[in-house]
Every structure is written in structure tokens, then in C-alpha cells.
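The values are calculated or read from the model by the stated rules, or taken from the named source; none is laboratory data. Bear in mind the structure is a predicted one, so any value in this text is a computation, not a measurement. Glycine also receives a Cβ, built like all others from the backbone with ideal geometry; neighbour counts cover every protein chain displayed. Keep in mind that these areas ignore ligands, DNA and RNA; they rest on the heavy atoms of the full protein, side chains included. Shrake-Rupley method; radii C 1.70, N 1.55, O 1.52, S 1.80 Å.
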Amino acid sequence: MAERKEISIPVADPTNPYAIPAAMPSSADKNPRSFSVEDFALPSRKLDDWRFTPVERLEEFASVFTPAGQVQVSVSAIDGSDVPSGVSCVSIPKSQAPAGTVSKPNDRVSAVEWNSGADAVHVHLAEDTSVPVLVRVHSESFELDSLHLVITTAANVHADIVVEHDGDARLAEGVEISTGDFSEVSTTFIHEWSDTSKHVGNHRIHVGKGATLRHSVVTLGGQTVRIRMDQDFGGEQGDLTMLGIYFAEPGEHIEHRTMVVHNQPECKSRVIYKGALSGQGAHSTWVGNALIEPTAPGTDSYELNRNLILVPGAIADSEPNLEIENGNIVGAGHASSVGRFDDEELFYLMSRGVPEKEAQKLVVAGFFNELIEEIGIPAISEHLMNTVNARLER
């Protein structure tokens, strides 16, 4: 695999503010990237990237540790059959490519994950798969653990990969995704941890030239879950869709951070995250960053976050950020909202004899259904909606 250069912000002559590339450093992508833990400060609410996070809940992930090795990883077809031909799953040292080849850790907990444990699980798809591939990550222990997962695909491959997390865990996870040129791939990450589990994760994503990637994250469980996603393009005409669904209940903190870097010409990105919150102390955070570099003419980018407050007392933080360093673009925009049930929708349903509780479930189902359908994997669509409904019942 050819070595890729680390993402960097071009800097021109500071005496000429009209030079291309822009002379200013990026405010959307200002964090260091390093494999060294010492290059990052300890998480604190005084730091911009941690101001929404209950850092006191994640103190154990701030220093290098010895993993318990209790996390189990298995690979199969999603229908339970054997692993499709062309799909391999092997353990490799982190010192061996493709581990460590997609960018670098970008905050302290992701650097800690990299330095805690020596091995990675490499899942490679060499050819098309007619049935989605299921990677199951399961734990029955609250001992501190780590997992590094590397997903790669060959050029021109068409495939769906589902990574399902469940059980009891305190897990630091690193994920590297690299798609081959002109491939069409979807990766769906489902988090259904127990109510007292903790999970910090970092997804580093590289979209190949002319490739299409649909990256989805569904978080429906866990006391504290913080996932950061960083992405770049490997060539022109890449197409990225990032979808997210989350449901926070009382006392839960669910946080997603996306960073889309447009560094190649004529690429497209869409980021759509939706969340529901129910009860006192339920807290969600979505921070969406998009950076359009001077090297990316013809960019088409948009990000959207919507939050539905089901019961008073929940808090939803929503922060879209867009930085444009190129005037030759197709379009760029963002939007976010936080609101409660639409009274008119509820009144309409209740006036036709639907009980209030059922009416609320129908409104939430409609709120999430569009994204569940866009994830595009029928084998998990019904399960996801049933899980959402079970949370509403609680």
C-alpha cells in the first residue's frame, strides 16, 4: 500500500493575504495529530474539544494502560453463514501496515488507545460481497480494554460491513477505514452497550479516488460514549455520506464529532445526524466540522444535525462548523436544531384516536425512519427501529 502524506494545512507567504493557498491556519482542523500521548493535554472542560464532555467519567482513558483482553471479535455473514469468499480477518501488529496508515490519533484518548496494546484486527475485502459482512465486538467485562480495528477494501469493490458492539465494557477503540479507488462501500457501526458501559472511539477514514463511502454510526446504549471521526479524500470525485442516529436516556452522555476534510477536487460530502433525548440528565453532543482546503475546487458539502427532546430535563449540544478556503466550490452549508415534539403532529394523531404514547412513538419513528432507510441494510433496519421503540417504552 502506497504511503499517504499526513493531512496538513497549506501555508503561503504571510505577507500576502491574497496568496493561494490561504496563509491562515485552519480553525476547523487545529488539533495536532500524533501517535505520542505527550503531544496532547489531559482532557479538561477548559479545552475546546472537551468542553461538552463529562471528562470526570473518562479519566481512566487519559493514560496508557494494559488492556484486559476480554473483548471478543468475530466475523461472519450477517445472515449467520460463513465468512464470504474474499473476506479475511487476521490479527496484525500495530507496527505493520495497513495499521497506522490512515492519518494519526487526534486527541489524547485516541493516542492512549494506540499505545495501549500491540495488535490490531485487520478486516480486508478483496472482492464484492452479496451479503453484508458482520463484525461483532462483544464484551462481558468492565475491565479496562482496548481494540484497534482496521477495515480495508480493494479497488472497485462493492460491499457492506456492519460492526456491532454489545455487552458490558469500558473500551477504548481505534478504527481505521481505507476504501479502494472507485469502490462503493458502506460501514455501519452499532453501539448497544449496557447502561453502565463506557466507550471512547476514534474513526480515521480515507476515501479512495472516485470511491463512494456511506459511514453510519448508531448509538443506542452506554453510560458515556464519545466517538470522533476524521476523514480525508485520496483523489478527485470521492463521495462521502456520514449518517448518525443516537438515543440518550437519563444520566447518559452520547457524543459524536465529525471532521470532514475536503483536500481533493470535485468531491462531495453529506453529514446527517439525528438524535432523541429522554429524561433528566440525558445529554447529547454533536460537533460537525467541515474544512474545504485551497486544493479542493468543485467541492459540494453539507452537514445537518437535528435533536428531538422527548421529556424535559434533557440537554442537546449542537455545533456545526464550516471553514472555506476555496472560492471555487459547488456549495457548502450546515444547519442544526434542537426542539421538542411538534404539537401539531401529536394533535393530528390524537384527534384521530391514537393514544398519546403511541402518537409519540409514531413521531419518533418518522423522525428516525428516513435515516434508517438511508443506511440501506434491510437486515438491520427492523432491529434498529425495534430498539428505538424499546427505549421509548422505558
Restricting the search to segment 284-315, which residues are over 17 Å from the mean Cα position of the chain (by Cα), in contact (Cβ under 8 Å) with a residue 60 or more places away in the chain and within 17 Å of residue 255 (Cβ to Cβ)? 314
Does any residue of segment 321-329 turn out to be surrounded by fewer than 16 Cβ atoms within 10 Å (Cβ to Cβ) and either at positive phi or outside the structural domain of residue 191 (by the TED database) (or both)? no
Of these, 241, 212, 224, which one is open to solvent by 10 Å² or more (accessible area, probe 1.4 Å), hydroxyl-bearing (Ser, Thr, Tyr), farther than 25 Å from residue 99 by Cβ and out of contact with any Ser or Thr (no Cβ under 7 Å at 6 or more places or on another chain)? 241
Do we find that residue 217 is in the same structural domain as residue 34 (by the TED database), more than 28 Å from residue 290 (Cβ to Cβ) and open to solvent by less than 10 Å² (accessible area, probe 1.4 Å) in this structure? no
Counting only residues in segment 266-311 that are touching a strand residue (DSSP E or B) at 6+ places or on another chain (Cβ under 9 Å), over 22 Å from residue 327 (Cβ atoms) and among the polar types (S, T, N, Q), the one modelled with the lowest pLDDT is identified as 278
Only one of 150, 163 is free of Cβ contacts under 8 Å to residues at least 40 places away in the same chain, out of contact with any helix residue (DSSP H, G or I) (no Cβ under 9 Å at 6 or more places or on another chain) and buried (at least 21 other Cβ atoms within 10 Å of the Cβ); which? 163
Return yes when residue 241 is polar (S, T, N, Q), out of contact with any Pro (no Cβ under 6 Å at 6 or more places or on another chain) and outside any strand (DSSP E or B) and no when it is not. no
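Quick one: is residue 190 within 20 Å of residue 107 (Cβ to Cβ) and either among the aliphatic types (A, V, I, L, M) or surrounded by fewer than 22 Cβ atoms within 10 Å (Cβ to Cβ) (or both)? Quick ask: steps written out before the conclusion?
Details: within 20 Å of residue 107 (Cβ to Cβ): no; either among the aliphatic types (A, V, I, L, M) or surrounded by fewer than 22 Cβ atoms within 10 Å (Cβ to Cβ) (or both): yes.
So residue 190 fails the test.
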Quick test for you: out of 206, 253, pick the one residue that is within 17 Å of the chain's Cα centre (by Cα) and more than 29 Å from residue 389 (Cα to Cα). 206
Tell me whether segment 104-118 contains one or more residues that are in contact with a His (Cβ under 8 Å, 6 or more places away or on another chain) and open to solvent by 30 Å² or more (accessible area, probe 1.4 Å). yes
Do we have any residue at all in segment 273-280 that's within 23 Å of residue 331 (Cβ to Cβ), of a type in the set (Ser, Thr, Tyr) and surrounded by fewer than 20 Cβ atoms within 10 Å (Cβ to Cβ)? no
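Hey, does segment 49-64 have a residue that's closer than 30 Å to residue 320 by Cα, hydroxyl-bearing (Ser, Thr, Tyr) and loosely packed, with under 15 Cβ neighbours inside 10 Å?
Of all residues in segment 49-64, those closer than 30 Å to residue 320 by Cα come to 49-63.
Imposing the further condition that a residue be hydroxyl-bearing (Ser, Thr, Tyr) reduces the set to 53, 63.
Retained after the next criterion (residues that are loosely packed, with under 15 Cβ neighbours inside 10 Å): 63.
Yes - at least one qualifying residue is present in segment 49-64.
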Taking segment 281-307 as the search range and keeping residues that are open to solvent by 10 Å² or more (accessible area, probe 1.4 Å) and touching a Lys or Arg at 6+ places or on another chain (Cβ under 7 Å), which one is nearest to residue 340 (Cα to Cα)? 306
